[in-house]
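Visitor: Sharing a structure, written as structure tokens. Questions coming.
Quick note: the coordinates plus some simple rules give every number you see, no bench work behind them. In this text, all values refer to a predicted model and were calculated from it rather than measured experimentally. Here Cβ is always computed from backbone atoms with ideal geometry, including for glycine, and neighbour counts include all displayed protein chains.
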Amino acid sequence: MRIILLGAPGSGKGTQAKLLVERYKVPQVSTGDLLRAAVKAGTALGKQAKAAMDAGQLVSDDVVLGMIEERLTQPDAKSGFILDGFPRNIPQAQELDAKLAWLGRPLQIALLVAVDNDILIKRLTGRRTCSSCGQMYNIHFATPKIQGRCDKCGGSLMQRSDDNESTIRKRLEVYESETAPLVAYYKAQGKLRRVHGMDEVDEIFSHICDMVDAEIRPLQVKGVEAQPVVAAVTSPTATAKTAKKKKKKATKTTKKKPKKAAKKKAKKKAAKKKAAKKKVTKKKATKKKAAKKKKVKKKATRKKAVKKKKTKKKVKKKAKKKVAKKKKTKKKATKKKAAKKKKVKKKKAKKKKRR
Ligand SMILES: [Zn+2]
């Protein structure tokens with residue numbers, strides 16, 4: 001039995017969860033409890049959660065999902081679980097689906113305990129607790145014999161500060177905005193079941209059990225309930241025979257189901273494989289593309305570099321030429337000057353000789 005519970009604060013889903021735990025011997029997995037326990041125990045995930053909480057942040061979905069996975073692999077969750085408090089939005093629901101599929105334990109039912117808003121408000125605002133013994137009352141539904149006094153011990157009844165109407169209305173609004181999309185999500189999967197949460201607790205519970213027995217454990221129930229009916233109308237020997245036959249039939253059908261399930265599983269596996277392959281091919285293609293892009297880019301850069309180098313060389317050459325020219329001109333000039341000087345000297349010398 002793999003169930004997730006949906007229901008507003010005050011819907012009574014907690015009460016139903018406890019009853020389910022008792023009857024079907026599966027644990028209630030509440031993410032709030034898991035978080036507290038993990039932090040207290042100081043597990044790796046608990047430390048991550050604590051770090052987030054200490055920093056005033058929300059604990060990430062990965063951490064919560066990790067805790068859920070750890071919890072579901074414990075032996076007492078072998079035959080199922082009742083998940084409570086997670087998911088709170090569509091992305092979380094998708095992640096949870098993926099995780100449970102990976103664990104080979106998909107959800108079977110999303111159970112919504114539906115209660116009208118005005119009743120929720122009455123239930124929540126009417127809550128009173130005995131200040132000395134802790135007994136709970138409700139001034140609308142479970143009234144004490146003497147107003148404001150505990151039936152058991154005579155202590156005074158108190159209202160929790162966050163049970164006032166405006167706070168409660170806000171909480172219900174948040175719940176509504178979170179849950180409405182989830183209800184649609186599970187409805188689309190064909191997994192949503194709704195129970196009328198305004199009936200008596202026992203009545204609600206028997207509705208839930210009928211549903212669970214019919215949908216999740218139909219074979220066990222048929223096997224048990226079919227026999228007494230037959231016994232009432234036929235002779236004892238005939239009954240035994242029919243019972244035997246029935247049993248045979250029952251075992252036959254039980255055998256058949258796993259086959260079907262196995263087939264389904266195999267199909268799913270194949271689909272998963274295909275998807276994985278597709279992913280790989282896609283990844284490869286993207287990689288190739290990226291590599292090509294890189295190559296082209298590299299080439300371009302190289303070309304550019306070469307061009308740059310060439311231009312640089314050219315510039316250098318030009319500069320060299322310029323310098324050479326300058327040098328030449330300078331040399332010429334100096335030569336000319338020297339020649340002139342020599343000439344002048346010669347002339348002077350000639351003049352001296354003549355004298
Ligand atoms: Zn009391």
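Visitor: Taking amide H positions as placed in the peptide plane 1.01 Å from N, state which residues far from Met158 in sequence (5 or more) or on other chains have amide H under 5 Å from it.
Guide: Thr129, Cys130, Ser131
Visitor: Once phi is turned into θ = phi - 60°, what whole-Hz ³J(HN,Hα) does the Karplus curve with 6.51, -1.76 and 1.60 give for every residue of the range 150-164, x standing for Gly and Pro?
Guide: Values per residue, Gly and Pro as x: 6, 4, 7, 10, x, x, 7, 8, 10, 10, 5, 5, 8, 9, 7 Hz.
Visitor: Another question about this same structure. What FRET efficiency comes out for Gln189 versus Ile146 if R0 is 41 angstrom and r is the Cβ-Cβ distance? Round to the nearest 0.05.
Guide: For R0 = 41 Å, the calculated efficiency reads 0.20.
Visitor: Extending each Cα 7 Å along its Cβ direction at Glu203 and Trp102, get the distance between those two points in nm, one decimal.
Guide: The modelled label-to-label distance comes out at 4.4 nm.
Visitor: Less than 18 Å apart at the alpha-carbon level, and either on another chain or at least 8 residues along: which aspartates and glutamates does that give for Lys18?
Guide: Straight-distance partners of Lys18: Asp33, Asp76, Asp84, Asp199, Glu200, Asp202, Glu203, Asp210, Asp213.
Visitor: At what distance in angstrom do the alpha carbon centres of the range 136-159 and the range 96-131 lie from each other?
Guide: 27
Visitor: Are any of the pairs Lys78/Lys191; Lys50/Lys122; Lys13/Lys122 more than 24 Å apart by Cα-Cα distance, and if so, which?
Guide: Lys50/Lys122
Visitor: Place the peptides 149-156, 109-116, 5-12 in order of packing, highest mean first, counting for every residue the other Cβ atoms within 10 Å and averaging per peptide.
Guide: 5-12, 109-116, 149-156
Visitor: Considering amide H positions built from the backbone, and no H for Pro or chain starts, which residues 5 or more places from Phe86, or on another chain, come under 5 Å of its amide H?
Guide: Here the answer is Thr31, since their amide H atoms fall under 5 Å of that of Phe86.
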